[in-house]
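The values are calculated or read from the model by the stated rules, or taken from the named source; none is laboratory data. No experiment lies behind these values; they were computed from the predicted model shown. Here Cβ is always computed from backbone atoms with ideal geometry, including for glycine, and neighbour counts include all displayed protein chains.
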Amino acid sequence: MPSASRPLPLAGVTVVSVEQAVAAPFATRQLADLGARVIKVERPDGGDFARRYDTAVEGESSYFVWLNRSKESLALDLKSEHGGEVLERLLGTADVFVQNLAPGAAARLGLDPASLGERFPSLIACAISGYGSTGPWADRKAYDMLVQCQTGLVSLTGTPEGPARVGVSVADIAAGMYAYSGILGALFARATTGDVRTVEVSLFEALAEWMGQPAHYTRHTGAQPPRIGTHHATIAPYGAYTAADGKAVLFSIQNEREWASLCERFLHRPDLVADPRFATGADRVANRDALDAVISARFAESPGAAVMEDLDAIGIANAGVNDVREFLDHPVLAGRERWRQVRTPGGATVPALIPPADLSGAVPRMDPVPALGEHTGAILAELGFGGDREG
């Protein structure tokens, strides 16, 4: 692992976040990973509601443990005079402010970018919303699955028999990623030019960007890509087939050289290379049923491990279709030492993955997940409010 002697890139940056659920906490946790001090402002009566989504991780929420390590928790009633005063003083020390409050709530509290810019001209304000701060849906609440539906993603996911949501909070994650990268861009602009930029991200527009390929395809063909389960809608063969032992193995053909190799050395059907039904990628998609019948028959001859070994031997990309337990035990994660121990609010330590971007000479922070209000007293004292235990 790289040496810890060099400071993390965001050391010295202070982030204050009035955040909840997934999108904003994901953005700020990544800032914390890079060394930023992240002060998470939570309601005293329960805090971030993601704390109560489940109790899967030693009594703590799996969402909260994933998204909130390396942060400080400040319990603060923002509707009280004292709470407002504490936050105001805290923002005077901050570089970045992030919020994903309900529509209209930030403006009522004076925490919208325009109001903050008047009081704190050097503060980078980031607002995460459902459908944007303007426009016909600005006042509409949005949650991940609702946005998956609105962008058409759900209509693409699933099988011919019915649609399905993506199995992770993909709209929240997309918005969190764009907030994170937007904040990094704003910090760079402030450092190099002195120009202070605000950042605005909506769940809808973040996921809309990820819908770019099917949007182009549908606009220009007049029909959207079909739902076909684990198979690619517009490339064939590219999907999962069941081997003789029941193991599903997914493989992908990306060019004509690979197609010829598959026919000759795996399917043992060199005649298919010149078959006009399969001559091009578009032909193979148009004749998918006939193609799938040939491939399925070959898969039925061998167990999954043998299929993957044969595909590896001819340079065809493939993967077993893992469940989550198999993912947790993946040899790449173990071999590359991607797991670290993180302490949870109850005192237990649990494995967590280090961030995927490795920066040379820097070891990412993997500090504890905070209990609600754990740092309230210390932060209030730091701001000159004495030893009060509640904001």
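Structure summary
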{"read-out": "Qualifying residue in region 71-93 (condition: under 27 Å from Leu207 (Cα atoms), touching a residue at least 12 places away in the same chain (Cβ under 8 Å) and crowded, with 18+ Cβ neighbours inside 10 Å)", "value": "yes"}
{"read-out": "Unique match (being in contact with a Pro (Cβ under 6 Å, 6 or more places away or on another chain), modelled with pLDDT of 95 or more and within 24 Å of Asn68 (Cα to Cα)) among Ala352, Ala371", "value": "Ala371"}
{"read-out": "Enumeration of residues in region 112-150 that are under 19 Å from Phe204 (Cβ atoms), in a helix (DSSP H, G or I) and not acidic (Asp, Glu)", "value": "Pro113, Met145, Leu146, Val147, Gln148, Cys149, Gln150"}
{"read-out": "Checklist (1) part of a helix (DSSP H, G or I); (2) loosely packed, with under 12 Cβ neighbours inside 10 Å applied to Leu272, failing item", "value": "(2)"}
{"read-out": "Candidate set from region 30-58 (those that are under 20 Å from the mean Cα position of the chain (by Cα) and within 14 Å of Asn100 (Cα to Cα)); member that is surrounded by the fewest Cβ atoms within 10 Å (Cβ to Cβ)", "value": "Phe49"}
{"read-out": "Filter result (more than 22 Å from Met366 (Cβ to Cβ) and among the basic types (Lys, Arg)) within region 34-65", "value": "Arg43, Arg52"}
{"read-out": "Check on Gly182, surrounded by fewer than 17 Cβ atoms within 10 Å (Cβ to Cβ), outside any loop (DSSP other than H, G, I, E, B) and not β-branched (Val, Ile, Thr)", "value": "no"}
{"read-out": "Set Trp137, Trp66: member being surrounded by fewer than 20 Cβ atoms within 10 Å (Cβ to Cβ), touching a strand residue (DSSP E or B) at 6+ places or on another chain (Cβ under 8 Å) and either under 26 Å from Glu374 (Cα atoms) or in contact (Cβ under 8 Å) with a residue 12 or more places away in the chain (or both)", "value": "Trp66"}
{"read-out": "Residues that are assigned to a loop (DSSP other than H, G, I, E, B) and under 21 Å from Gly158 (Cβ atoms), drawn from region 230-256", "value": "Thr230, His231, His232, Ala233, Thr234, Ile235, Ala236, Pro237"}
{"read-out": "Residues of region 339-391 classified as of a type in the set (S, T, N, Q) and without any contact (Cβ under 8 Å) to a residue 60 or more places away in the chain, total", "value": "2"}
{"read-out": "Matching option when the condition is β-branched (Val, Ile, Thr), surrounded by fewer than 12 Cβ atoms within 10 Å (Cβ to Cβ) and either without any contact (Cβ under 8 Å) to a residue 12 or more places away in the chain or over 30 Å from Arg6 (Cβ atoms) (or both), among Val294, Val307, Val332", "value": "Val332"}
{"read-out": "Some residue of region 257-266 being in a helix (DSSP H, G or I), without any contact (Cβ under 8 Å) to a residue 60 or more places away in the chain and loosely packed, with under 14 Cβ neighbours inside 10 Å", "value": "yes"}
{"read-out": "Residue match in region 79-90 (condition: assigned to a strand (DSSP E or B) and assigned by TED's automatic domain parsing to the domain that holds Arg37)", "value": "no"}
{"read-out": "Unmet criterion (only one of (1) over 21 Å from Ser122 (Cα atoms); (2) basic (Lys, Arg); (3) in the same structural domain as Ala371 (by TED's automatic domain parsing)) for Arg37", "value": "(1)"}
